[in-house]
Every structure is written in C-alpha cells, then in structure tokens.
Amino acid sequence: MSRFANRRLQTLTPYVPGEQPRDRRYIKLNTNESPYPPTAAVAKAAAEAAAGLQLYCDPECTALTAKLAEVLGVAPTQVLCGNGSDESLNFAFMAFCDASTPAVFADITYGFYSVFAELHGVGADIVPLREDFSLSVDDYIGKKGTIFIANPNAPTGLALPRSEIERLLVSDPTRLVVIDEAYVDFGGESCIPLIDRYENLLVVGTFSKSRSLAGGRLGFAVGNEALIADLRTIKYSTNPYNINSLTAAAGLATLGEEEVSRARCREIMATRAWTTEQLQALGFTVLPSSTNFLFAKAPRIGGGELYLALKEKGILVRHFNKERISDFVRITIGTREQMERFLFAVKEIVS
Ligand SMILES: *Cc1c(COP(=O)(O)O)cnc(C)c1O
C-alpha cells in the first residue's frame, strides 16, 4: 500500500474473482461462464463495430437499449445498461445506500455486495441464511436499508418464487429491494414483470451467464423510470461511455438470437440434472440448483481438498474458504463432455 492511500482504501478488502490461469489448459468450471462461444453473427457484429473504434461509443446505447427493452417487455426508459452487472450493482450501491441506509444482504451470497458496502462506506446488515441455506423473506421483512438478494442465489443455487419477493416488496413500500437475477434464465422466476407495480423494486441482470458474453462485460438494471434516472445520474457522473462499441454491437446481435441463448440454457439445465444424479450416486450432497452451477459437498473429503485434487487433474471448480460452506465446492455446468470428464476425475478422487 502506498503512503497516499486514503482511510477507506487502507481497510478495503477487494473482491477476489475466480482464477483464470494461463499456465495450462483447464476444464474451467469455476466462474459460471457459458461453455458455448458467441455465435458467428455476434462475432461478426463485434468485428464490424471495430472499424469505428476511432469514435466514442454512443453513451445512450440507443439501439441496444431499445432491443433489450423489447426483449424484456419494458420501456427503454426503464432499462440502463452497465459494464457487467457488477457495474449496475455498484451504481445501485452508490445511488441507494449511505451511512443511514445500509445494504442488507445474506451471509452467503455474491461476494461483491460486502465489497461495495465497504468501498462506499455504507453499513452492511448481514442476515444469515437458514440452516439448510434457504433464504427466508421473513428474516428481511422488518429490515431498514436497501435489500440486495441474488435470486437465484450464488453460490448456493437456490431460488425463491416471485411471490415471495412480492411479499417482501409489499411489506414496506418505502424500502428498496434490489434483485440480482444473474442466473434467472436457468430456471428462476424473474421479477421484471413486477416493475410497473412496485416502485421499490430494481432488478439487475447480465449477459455473462446465459448469453455467452462474460468477456464482453454487459449487464443491465431494470426498474421504474425514476430509479433508472437515478442510476443514469450516477453513470454520467462516473463513466458516460461505460458500454464500448464492440460490446454494444455484440449485445445487440446476441439479442437478435434469443432462441439460441434459450436453447443453450435448456441444454445446460439438462446437463445439470444429469450431473446432479451422477454426483448423488457417488454420495455427494447436492443443493437443488436453479442456476448454471451446482453447490455440492463430497463424502469424506473437504471442499478445499477436492478443489486441489481436481485442479491437479486439470479441472477448476470454485472453493470458498468461508464459515458454513468450506465443505462445499461450486461447480459450473459445462458441456456434457466436460461434465463426463469432471465426473471421471471425481470418481478417481473419492473412491
Ligand atoms: C456473475 C454474477 C454477477 C456479475 O456478473 P457480470 O459479469 O458483472 O455481469 C452478479 N451477480 C451474481 C450473483 C453473479 O453470480
């Protein structure tokens, strides 16, 4: 740390992304990316956009925003694109939390929430998940602050029905609820259809998981016009050109092929069901997943041990050395062939 670091930086613990090693080729099941590359049409759109890189990109992302709004069934004024949903979440922390409006979130959830809370010096009111890792809306009903819920949750993979989120929204219309739907396309129920009914609802989504665009960095926030206008003020106060032209073109082309993305999600969900059965047959505990990953506990060996043994065999999964979940690993669902190789390695390790 330099001698110039300010007080907040001196105590800040940054987010730790899943490893992206370059030393050898791994089967990457550690960061919940799609195993399927962007289609030829998406790659072509990005390549064509490259010809105009001498110009600044459109700060309004006009074409992309219009198409995204159409796909989501909302008005363009109800959507704001972000540089990954990480940026959309960051904007939400900046806009809707402060010292007297803490962020309220689960003890086991997306790691960035606590980082953003620290970064922006807002309080964090941490609500433990239940013993079985389920999230009970009842634990949030009386809470003051801005609630952040990943639904489906990560790394547990568990989902809440929309009706439960609605119960939370109704319980206090003066309190904002942010629903992070990074994994909703793998079997969750989106809250986007509720945005016209509840002005205290903001939904955040991403192209990283279900739309094969993690490296493009494209996310979005959806909510009523006033909430989106607030986020827009933050965007124009930090980074007006937050979506580069290549990503805007790739995102627009991706939305032109929604059926491809949906078919890929169905494929992943089928592979997820098959992998779950196989792991259970080997004695694993596997939480029921509504995402593109499994959260699983091996018989006899710990999560850290399994992670290392798999890495040795060229397979990366994610292990969180954290209270309550250190016995588990998070396994991204890849292609059927990748999962066959994963299971082959797992069998060697646990038997
Ligand atoms: C992956 C993930 C995100 C962030 O994704 P981006 O790549 O920044 O869009 C946000 N929330 C959760 C719960 C995630 O797992």
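The values are calculated or read from the model by the stated rules, or taken from the named source; none is laboratory data. Remember, it's a predicted structure, so these values are computed and weren't measured experimentally. Neighbour counts are summed over all protein chains in view; Cβ atoms, including those assigned to glycine, are modelled from backbone coordinates with ideal geometry.
Side notes on the structure shown:
- Search result, residues across segment 41-66 that are among the charged types (D, E, K, R) and either in contact (Cβ under 8 Å) with a residue 24 or more places away in the chain or surrounded by 17 or more Cβ atoms within 10 Å (Cβ to Cβ) (or both): Lys44, Glu48, Asp58
- Segment 206-228, subset touching a strand residue (DSSP E or B) at 6+ places or on another chain (Cβ under 9 Å) and in a helix (DSSP H, G or I), residue surrounded by the fewest Cβ atoms within 10 Å (Cβ to Cβ): Ala214
- Residue within segment 85-104 that is assigned to a loop (DSSP other than H, G, I, E, B) and within 11 Å of the ligand (Cβ to nearest atom) present: no
- The condition (being within 21 Å of Leu68 (Cβ to Cβ) and within 14 Å of the ligand (Cβ to nearest atom)) is satisfied by just one residue among Ala150, Ala154: Ala150.
- Residue in segment 67-74 that is of a type outside the set (Asp, Glu), free of Cβ contacts under 8 Å to residues at least 24 places away in the same chain and either over 17 Å from Asn244 (Cβ atoms) or assigned to a loop (DSSP other than H, G, I, E, B) (or both) present: yes
- Flag not set for Val115, criterion: under 19 Å from the mean Cα position of the chain (by Cα), part of a strand (DSSP E or B) and at pLDDT 95 or above.
- The helices (runs of 4 or more DSSP H) falling completely within segment 249-351 that include 1 or more residues that are touching an Asp or Glu at 6+ places or on another chain (Cβ under 9 Å) and under 30 Å from Glu48 (Cα atoms) map to 258-281.
- Comparison of Arg8, Arg22 shows that the only residue that is within 30 Å of Thr109 (Cβ to Cβ) and not in a loop (DSSP other than H, G, I, E, B) is Arg8.
- Comparison of Val137, Val178, Val122 shows that the only residue that is surrounded by 16 or more Cβ atoms within 10 Å (Cβ to Cβ), within 16 Å of the ligand (Cβ to nearest atom) and modelled with pLDDT of 95 or more is Val178.
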